[in-house]
Amino acid sequence: MLEIETSNGKSLICLKLSGELEISTVEQLRLCVERLCLCVERLPDGLTEVHLDFLGIEFVDSTGIGTLINVMKDLREQDIKVMVTRIPKEIYEVFDLLSIPELMGEDSFECLS
């Protein structure tokens with residue numbers, strides 16, 4: 001199960017994720033980001049940044065990692081800065097092992113200490 005809570009600021013949207021990002025739940029994230037991309041032009045100040053808050057994420061499988069990479073690429077293609085924030089240490093270690101921060105940009109990932 002994956003829950004996504006959305007909160008917005010002036011030009012920033014935060015997607016607070018909780019649960020599992022895996023093969024049976026990735027479509028939820030994909031659809032949420034797709035809707036965001038369609039709404040970008042309607043925001044008064046435009047959308048310049050998206051934070052994916054991973055604090056509540058307990059598990060990520062390879063499909064979840066692939067989806068995260070694709071979501072980040074899709075948003076960046078629209079000139080939207082993407083940050084993956086508050087990543088639990090265990091999840092970050094998997095990302096690090098697979099060189100995801102290196103591939104997508106170290107400054108886009110924030111691990112909890």
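Helix check for the chain. Which DSSP H runs span at least 15 Å along their own axis by Cα, with a mean Kyte-Doolittle hydropathy no less than 0.5?
Those that clear 15 Å and a mean of 0.5 are 26-39.
For Gly56, which sequence-distant residues (separation of 5 or more, or a different chain) have an amide H within less than 5 Å of its own amide H, given hydrogens modelled in the peptide plane?
Counting only residues 5 or more places away or on other chains, the set is Leu17.
To the nearest 10 square angstrom, what accessible area does Thr48 show with a 1.4 Å probe?
70 Å²
Number of Lys pairs in the chain with C-alpha atoms less than 18 angstrom apart, excluding same-chain neighbours closer than eight positions? If you can, show how the numbers build up before the last one.
Values: Lys10/Lys81; Lys16/Lys81; Lys16/Lys89; Lys73/Lys81.
Within the chain, the lysine pair count is 4.
For Asp74, what accessible area in Å² do you get when you roll a 1.4 Å probe over the heavy atoms of the protein chains, rounding to the nearest 10?
Using a 1.4 Å probe on the heavy atoms, I get roughly 70 Å².
The values are calculated or read from the model by the stated rules, or taken from the named source; none is laboratory data. These figures come from a predicted structure and were not determined experimentally. SASA here: full protein model, heavy atoms, side chains in, ligands and nucleic acids out. Shrake-Rupley method; radii C 1.70, N 1.55, O 1.52, S 1.80 Å.
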